[in-house]
Amino acid sequence: MEQNRLFLTIVFIVSLLVQVFFLDSLYRYGYAVPMLYILFVLIYPLQDNKGLFYFLSFLLGLVVDIFHGTGGVNAAATLLIAALRYPLLNVLIVRDVNDNVVSFFALRNYVIVIYTVVLVFIHHFAVFYLDYLKLAALLIVLHTTLVTVFFSLLIILLIVLILRKFFL
């Protein structure tokens, strides 16, 4: 259990630092910015304290907002996917996630991919929609979302594949 907490602490800090000091600098060169920091939300143990999980998810998004100057957009989007991950997994694995101890890394490959794609898309769409906050900008929001989702998924799924080797 302590090893798991240490691992989660490292993921929280490293993904946040990589996001703020490396990935965000890519935007200055005109590329879509992959959002790696949500990896923490995706891999947080399903059976752990939900209150702590929601607080850490909000804090993670808030720290990104502070560095971006976006006034809560990332915090709201991160909290949204934190709230949606339990119902999504209930649909994907066809049993009550809350009653079964399920490790993210023990899920089947197709479940991990669908779960990751859905939550990354929802997160990114929420970030960009809240940032633009206009229905007229829906095409811009969708375009930006899709491009950023592609790059985020590339990085997140690669990291999950690597981490899965250590946890299975």
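Every number here is computed from the coordinates shown, using simple stated rules; none is lab data. Computed from a prediction, not measured in an experiment: that's the story for all the values here. Cβ placement follows ideal geometry from the backbone for every residue including glycine, while neighbour counts extend to all protein chains displayed.
Under the 0.36 nm per residue contour assumption, what length would be gained going from the current alpha-carbon distance of S103 and L135 to full extension? Can you show the working numbers first?
Details: separation 32, 0.36 × 32 = 11.52 nm, distance 3.84 nm.
Residue separation times 0.36 nm, minus the Cα-Cα distance, leaves 7.7 nm.
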Would you mind computing, in nm to one decimal, how far apart the modelled labels at I114 and K165 are, each placed 7 Å from Cα along Cα→Cβ?
2.7 nm
So the pair-distance distribution of region 2-167, from every Cα-Cα distance in 10 Å bins, comes to percents of 10, 41, 37, 11, 1
Report the local net charge at F40: Lys and Arg +1, Asp and Glu -1, summed over other residues whose C-beta lies under 14 Å from its C-beta.
+1
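Kindly rank 80-87, 9-16 from highest to lowest mean number of other beta carbons found within 10 Å of each residue. It would help to have the intermediate numbers written out before the result.
Working: 80-87: 17.6, 9-16: 15.8.
Packing proxy ranking, top to bottom: 80-87, 9-16.
Do you know the relative contact order of region 2-167, to the nearest whole percent, from alpha carbon pairs under 8 angstrom that are 6+ apart?
Working: 166 pairs, mean separation 39.9, N = 166.
RCO, region 2-167: 24 percent.
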H143 versus F7: modelled label distance in nm, points set 7 Å from Cα along the beta carbon direction
4.1 nm
